[in-house]
Amino acid sequence: MEDANNTKGNKWNNFIDSVSTTLSSGRSSAAQEETKQEVKSDIESSSSLYDKMSTSFSGAKDFVLGREEPEPQGTLAVFNCLPNTKSYMYAGIAFAVAALFLMLAFIMLPFIVLKPSKFVCCFSLGMCALLTGLAFLKGVRVYVKDLFIKKNVAGTAVLGLSLLLSLYFSLIADDYIWSIVFCVF
């Protein structure tokens, strides 16, 4: 390790010597030594400036892009196996699928009286695709963690239960009234 630092120091000294001899060609040895010291101090000040700038830019980057989310603890630690990366491509695909299903649900709206199961299936699948797109947009682990924090648990439970029961009553039980009730609820 010390040998690597020594080699690095030798490279800098060689560089400083070459720059100073280039700048002070035709000067006395005292002037050359003074030029060498000036170049050395300029390089040292620029490296400290680089350190200062990099720390301030990293702070600005953290402010703009947001800080890394800490790992969930306690009961939410179950979701630590989920990826935390944001995927804009998958989010775009999920939003396109959601738009397709919601557009089909809108087209099926006049036929809700005759066959509500088609509307309910399109609407429920569109909502599931929309939630999946939001998860990919925010990061799956962060999104799932946000779904199950205390203030969001009731809404998550109601939405999940509503989607599951509307799909159950429209596809499996084939019940007209309950499929509409749980789709609207």
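The values are calculated or read from the model by the stated rules, or taken from the named source; none is laboratory data. In this text, all values refer to a predicted model and were calculated from it rather than measured experimentally. For neighbour counting, all protein chains shown are included, and Cβ atoms are generated from backbone atoms with ideal geometry for every residue, glycine included.
Scanning the range 136-180 for residues that are in contact (Cβ under 8 Å) with a residue 24 or more places away in the chain, assigned to a helix (DSSP H, G or I) and over 22 Å from residue 105 (Cα atoms) gives 136, 137, 138, 140, 141, 142, 144, 145.
Just one residue in the set 144, 184, 153 is of a type in the set (Val, Ile, Thr), at pLDDT below 90 and either touching a Ser or Thr at 6+ places or on another chain (Cβ under 6 Å) or surrounded by 13 or more Cβ atoms within 10 Å (Cβ to Cβ) (or both); that residue is 144. Kindly indicate whether any position in the range 143-166 is of a type in the set (D, E, K, R) and either out of contact with any helix residue (DSSP H, G or I) (no Cβ under 9 Å at 6 or more places or on another chain) or not assigned by TED's automatic domain parsing to the domain that holds residue 93 (or both). Checked the range 143-166: at least one residue is of a type in the set (D, E, K, R) and either out of contact with any helix residue (DSSP H, G or I) (no Cβ under 9 Å at 6 or more places or on another chain) or not assigned by TED's automatic domain parsing to the domain that holds residue 93 (or both). Checking 135, 129, 173 one by one, the residue that is surrounded by fewer than 18 Cβ atoms within 10 Å (Cβ to Cβ) and of a type outside the set (Ser, Thr, Tyr) is 173 and no other. Determine if the range 108-119 includes at least one residue that is surrounded by fewer than 19 Cβ atoms within 10 Å (Cβ to Cβ), more than 21 Å from the chain's Cα centre (by Cα) and over 15 Å from residue 180 (Cα atoms). Scanning the range 108-119 turns up no residue that is surrounded by fewer than 19 Cβ atoms within 10 Å (Cβ to Cβ), more than 21 Å from the chain's Cα centre (by Cα) and over 15 Å from residue 180 (Cα atoms).
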